[in-house]
Every structure is written in C-alpha cells, then in structure tokens.
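**Q** One structure follows; several queries about it will come next.
Derivation of every value follows stated rules applied to the coordinates shown; laboratory data play no part. Note that the structure is predicted; figures quoted are calculated from it, not measured. Here the Cβ positions follow ideal geometry from the backbone for every residue, glycine too, while neighbour counts run over all protein chains shown.
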Amino acid sequence: MDAIKPASVVEAKDARIPLLGLGTWDLRGRVCARVVEQALRLGYRHIDTAQMYENEREVGEGLRASGVKRDEVFVTTKIWPSHFAPRELERSARERLAQLRLSEVDLLLLHWPNPQIPLAETLGALAKVKREGLARHIGVSNFTVALVEDALKLTTEPLVCDQFECHPFLDQSKLIAACRKHGLAVVAYSPIARGDARKNDVLKRIGAAHKKTATQVCLRFLVQQDIVVIPRTSKVERLSENAAIFDFTLSDDEMSEVAKLGSRDGRLVDWAYSGRMKWD
Ligand SMILES: NC(=O)c1ccc[n+]([C@@H]2O[C@H](COP(=O)([O-])OP(=O)(O)OC[C@H]3O[C@@H](n4cnc5c(N)ncnc54)[C@H](OP(=O)(O)O)[C@@H]3O)[C@@H](O)[C@H]2O)c1
C-alpha cells in the first residue's frame, strides 16, 4: 500500500520502532491470525501483543502466514505483573517465545508497574533476558514520570519506550516530555480512543479538508509528533484506513486545535488499576 511507509520509524536508543503498529488486545483465535496476516500483507511492520491477551499463538500464526520475513517485522509482547519475580519473569519470557514460536521478540515490556515486587529485581531479570538474546529491546508500559525515572536509575540495559494511553482527548504532555527528555519512545495505546475518535466534530472537520476520516486525523496528530500508534481493529477493511496516515500533513493551526481537545481526566483505561492491584 502506497500510504504506508514501512520506513517510518522512531529511533530510541538503539531501537528503530515502526511508527504504525497493529494492536491486538481482544483479538482472538482465527480473527486474530487473519487480521495480523492481512495487516502485514498491507504493509504494517509492527505488531503489539501481550501475555494477558492470550493470543500470542495466533499472532505468530498470522506472522508466518503473511509470508513477510521475520526480520522485517517488529514484534512487541508484554509480561503480566504477577510474573515479575525474577525467576518467574525469565520463565514467562521463554513462554512468550514458545507461544509466538519465535526465537526472540523485538521488544519486551513490563505491562504495568507492580509495587509488590522491588523494581530493581524485575528490571535485573528483564535485562538478563535481553542479554540472553530473548528480546532485542526492553521497555515499560503504564509507568508514570516518577516510575520511568526510577526505572532509568535502576536498569542495567537501556529502556527504549514507555507504552501508555495516549490520544487527543487525554493530556499526557508531562509524560511525553519526560520520555523525550530521557530518550524513550512514546508508544500510544488506545490511540483512537477505543473508536471514539470517529465521532469527534473537530477531527471530522479537519479530516474533511484533507479528504481523510476523523480517525485518520487522530492517528496523524500522534505520528506527526513521532508518537508510535498501535490502533486495533478486528475488521480487515479498517486496516487500510488506519494505515493511510503518511500521505498528508496537519498544519500547525490544525495540530494546536486537536491538542486543545485533551483534558487531564480523559482517560479510558483505569489507571488506579496500576498501584492498588494485587497482581495474582
Ligand atoms: N499496555 C497496555 O496496558 C495497553 C492497554 C490497552 C491497549 N493496549 C494496546 O493498544 C492497542 C490499541 O488500543 P485499544 O485496543 O484499547 O483501542 P484503539 O485502538 O484506540 O481502538 C480500538 C477500537 O476502535 C475501533 N476501530 C478501529 N479502527 C477504526 C476505524 N478506522 N474507525 C472506527 N472505529 C475503529 C475498533 O473496532 P473494530 O474492531 O470493530 O474495528 C475497536 O473497537 C491494543 O489493542 C493493545 O495492543 C495496551
């Protein structure tokens, strides 16, 4: 597909992360394998999965069925916080590869912080897994500014990203600034606000001026700031729409207008989830 430029990447430390990825939360079974396969055939070069999604096997199947070479695809998975004790993390990392049927992943993330287990121990195990060649890069997800800064002090291997909720309706400027300051890529999850972007009048109006949909304007707003996006769809026909975001540019005024949609309480995923849960 012309509009996808597989070469569009963001560089963080020694990682080159494709700006567009496919999210796979909630995609299961044959639908998951089919959407992954079709996405790769269309030109997507980045797939986001997790232990918790229980679909790594199907993600691996879709990858192999696509015929795209393994080294052309950036595969991310995440370890669930109940597996953060060092030995358990190492075991879980091997299990991820077994499920995916891959010899390494491109990026392995801690899915949420787990205050019950010392971060230094978990990061030590994550670094070990990287040194052993199970993951090319490591990073975190759902880490706050303070936790990112703690993690950077404690890690012995570079952390390349923080993946967190990020879309025009949520003001994440502080966390984005902290990531930039420390050289971490920002990976935006729920980048189209779980589908709500399509209903927004400002995004619709800007889209009409570019012959684009509101969803495309939403994704463009993020990638134009070098924020990696991983929109999910279960519908093959939407894969192309979500990918056609590299053939137009929003003006400075349009970018400012979209930025004004953000509020501090625009979160869709319950952040309270992170600190207070017991992860078992
Ligand atoms: N690290 C974490 O804790 C975390 C948390 C949440 C998500 N994630 C990752 O981020 C990915 C994306 O986030 P998300 O799944 O929460 O939400 P999202 O990608 O913002 O939105 C997905 C929803 O939007 C709909 N949609 C997709 N394309 C559309 C289009 N062009 N027009 C209208 N609606 C469209 C989908 O429905 P259809 O299927 O019907 O198209 C689905 O209901 C996840 O899949 C997962 O990989 C990570």
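**Q** Just to confirm a number: summing +1 for Lys and Arg and -1 for Asp and Glu over residues other than ASN200 whose beta-carbon lies under 15 angstrom from that of ASN200, what do you get?
**A** +4
**Q** Provide the FRET efficiency to the nearest 0.05 for the GLU88-ASP26 pair, computing r from the beta carbons and using R0 = 22 Å.
**A** Once rounded, the FRET efficiency stands at 0.30.
**Q** Who wins for biggest fluctuation among LEU109, LEU147, LEU119 in a Gaussian network model of the chain, springs between alpha carbons below 10 Å?
**A** Residue with maximal mean-square fluctuation among LEU109, LEU147, LEU119: LEU147.
**Q** Once you have all Cα-Cα distances for segment 1-71, histogram them in 5 Å bins from zero and send the whole-percent values.
**A** 3, 18, 26, 24, 18, 10, 2, 0
**Q** Would you mind checking the pairs LYS181/LYS260; LYS13/LYS78; LYS174/LYS211 and listing those with alpha carbons more than 21 angstrom apart?
**A** Beyond 21 Å: LYS181/LYS260; LYS174/LYS211.
**Q** Hey, what did the chain get for relative contact order, percent, Cα under 8 Å, at least 6 apart?
**A** 20
**Q** For segment 178-257, report the % of Cα-Cα distances exceeding 21 Å.
**A** When all Cα pairs of segment 178-257 are counted, 26 percent exceed 21 Å.
**Q** Something else about it: Which FRET efficiency, nearest 0.05, do LEU154 and LYS235 yield, Cβ-Cβ r, R0 45 Å?
**A** The calculated FRET efficiency here is 0.60.
**Q** Note the full-extension length gain between THR249 and ARG131 as 0.36 nm times their separation in residues minus their Cα-Cα distance, in nm to one decimal.
**A** My answer for the length gained is 38.5 nm.
**Q** To check you understand DSSP bridge types, tell me what percent of the beta bridges within segment 1-146 (both residues inside) are antiparallel, rounded to 5.
**A** For segment 1-146, the DSSP antiparallel bridge percentage is about 20.
**Q** For the chain, with a Gaussian network of springs between Cα atoms less than 10 Å apart, report the residue from ASN242, ASN142, ASN200 with the top mean-square fluctuation.
**A** Top of the fluctuation ranking is ASN200.
**Q** Regarding the chain, what whole-number volume in Å³ per residue does the convex hull of its Cα atoms give?
**A** So the per-residue Cα hull volume is 116 Å³.
**Q** Something else about it: Based on Cα positions only, what radius of gyration and what Dmax would you give for segment 19-139, in angstroms?
**A** 14.0, 42
**Q** Starting from the Cα-Cα distance between ARG101 and LYS199, subtract it from 0.36 nm times their residue separation and give me the gain in nm to one decimal.
**A** Difference between extended and current length: 31.4 nm.
**Q** Something else: Would you calculate a helix-derived [θ] at 222 nm for the chain, using -39,500 (n - 2.57) for each DSSP H run of n ≥ 4 and dividing by the full residue count, to the nearest 500?
**A** The helix-only estimate for the chain comes to -12000 deg cm²/dmol at 222 nm.
**Q** Pick out which of LYS204, LYS174, LYS130 has the largest mean-square fluctuation in a Gaussian network model of the chain, springs linking Cα atoms closer than 10 Å.
**A** Among LYS204, LYS174, LYS130, the largest mean-square fluctuation in the Gaussian network model of the chain belongs to LYS174.
**Q** Something else about it: Once you put a point 7 Å from the Cα of ASP270 and another 7 Å from the Cα of GLU72, both along the Cβ direction, what distance in nm separates them?
**A** About 4.3 nm, to one decimal.
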